[in-house]
1. Please go through the range 109-151 and give me each residue that is out of contact with any strand residue (DSSP E or B) (no Cβ under 7 Å at 6 or more places or on another chain), aromatic (Phe, Trp, Tyr) and free of Cβ contacts under 8 Å to residues at least 24 places away in the same chain, ordered by number.
2. Between 19, 76, 38, 57, which is loosely packed, with under 15 Cβ neighbours inside 10 Å, out of contact with any Lys or Arg (no Cβ under 6 Å at 6 or more places or on another chain) and over 28 Å from residue 143 (Cα atoms)?
3. Where in the range 69-165 are there strands (runs of 3 or more DSSP E), lying fully within it, with 2 or more residues that are of a type in the set (Ser, Thr, Tyr)?
4. Taking the range 120-132 as the region of interest, how many residues are of a type in the set (A, V, I, L, M) and surrounded by 18 or more Cβ atoms within 10 Å (Cβ to Cβ)?
5. Which of (1) surrounded by 15 or more Cβ atoms within 10 Å (Cβ to Cβ); (2) within 27 Å of the chain's Cα centre (by Cα); (3) among the acidic types (Asp, Glu) does residue 117 not meet, given it meets every other one?
6. Inspect all residues belonging to the range 85-97 and state whether any of them is farther than 30 Å from residue 163 by Cβ, surrounded by 16 or more Cβ atoms within 10 Å (Cβ to Cβ), free of Cβ contacts under 8 Å to residues at least 24 places away in the same chain and in contact with a strand residue (DSSP E or B) (Cβ under 6 Å, 6 or more places away or on another chain).
7. Answer with yes or no whether residue 65 is part of a helix (DSSP H, G or I), among the hydrophobic types (A, V, I, L, M, F, W, C), without any contact (Cβ under 8 Å) to a residue 60 or more places away in the chain and touching a helix residue (DSSP H, G or I) at 6+ places or on another chain (Cβ under 7 Å).
Amino acid sequence: MATSVWLKHLLRWHWVSSALALFGLLLFVITGVTLNHAGQIPGTPVVTVVEGIAPDAVLASVVEAQKADSAVLPIALNHWLKREQGLALKPGAVEWSEYELYVSLPKPGGDAWLSLDLNTGELLYETTDRGWIAWLNDLHKGRNAGPVWFWFIDVFAVICLVFCLTGLAVLGLHARERISVWPVVGLGVLLPLLLAVVFVH
């Protein structure tokens, strides 16, 4: 009776964790393959460049932000970029020099940056898009994907752990009736270990 009760609870946790992990597992399995063959998958980065001259009022607000060593873009600059250049920038690493504002804007599957000359108001924005496969690969690695995706990966890892451990426990309860359970489990553990020891240096 106790075994059947345990089996019932384990199966419930197993199917719930498998349902929650299904799409994430598919994503990480597929991107595991694409990452493993990244050098063999062709891709042509698409580079977009935007140039312009910031109005005097906008430039003045940027100079004031430089004097305050602000870590964020001035609101006036953000509004002008969105209104006149069609650029809705996410927060990036703001760097100040004596003559220039530089903002690094990394993103999954690409990169972007913005520079503004503090004397002339000359703006240069460049974005690089390496395609959706690179985007998915960066999600796999958590590269430049932001804090929400960072925490999703941690939660997803816990769900996968529950899925694996409940599956192992179910196997243990069935081991008496299926003599092949532990040899197959042992093979699943030993095979990657042997491959790593013998072929990975």
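1. 132, 149, 150, 151
2. Answer to the selection: 57.
3. On the way: elements: 93-96, 100-104, 110-117, 122-129.
Answer list for the range 69-165: 100-104, 122-129.
4. 1
5. Only one criterion is unmet by residue 117, namely (2).
6. Checking the range 85-97: at least one residue is farther than 30 Å from residue 163 by Cβ, surrounded by 16 or more Cβ atoms within 10 Å (Cβ to Cβ), free of Cβ contacts under 8 Å to residues at least 24 places away in the same chain and in contact with a strand residue (DSSP E or B) (Cβ under 6 Å, 6 or more places away or on another chain).
7. Details: part of a helix (DSSP H, G or I): yes; among the hydrophobic types (A, V, I, L, M, F, W, C): yes; without any contact (Cβ under 8 Å) to a residue 60 or more places away in the chain: yes; touching a helix residue (DSSP H, G or I) at 6+ places or on another chain (Cβ under 7 Å): no.
The answer is no for residue 65.
Read-outs throughout are calculated quantities, based only on the coordinates presented, and are distinct from any laboratory measurement. This is a predicted model, so every value here is computed, not measured. Positions of Cβ are backbone-derived with ideal geometry, glycine not excepted, and every protein chain shown enters the neighbour counts.
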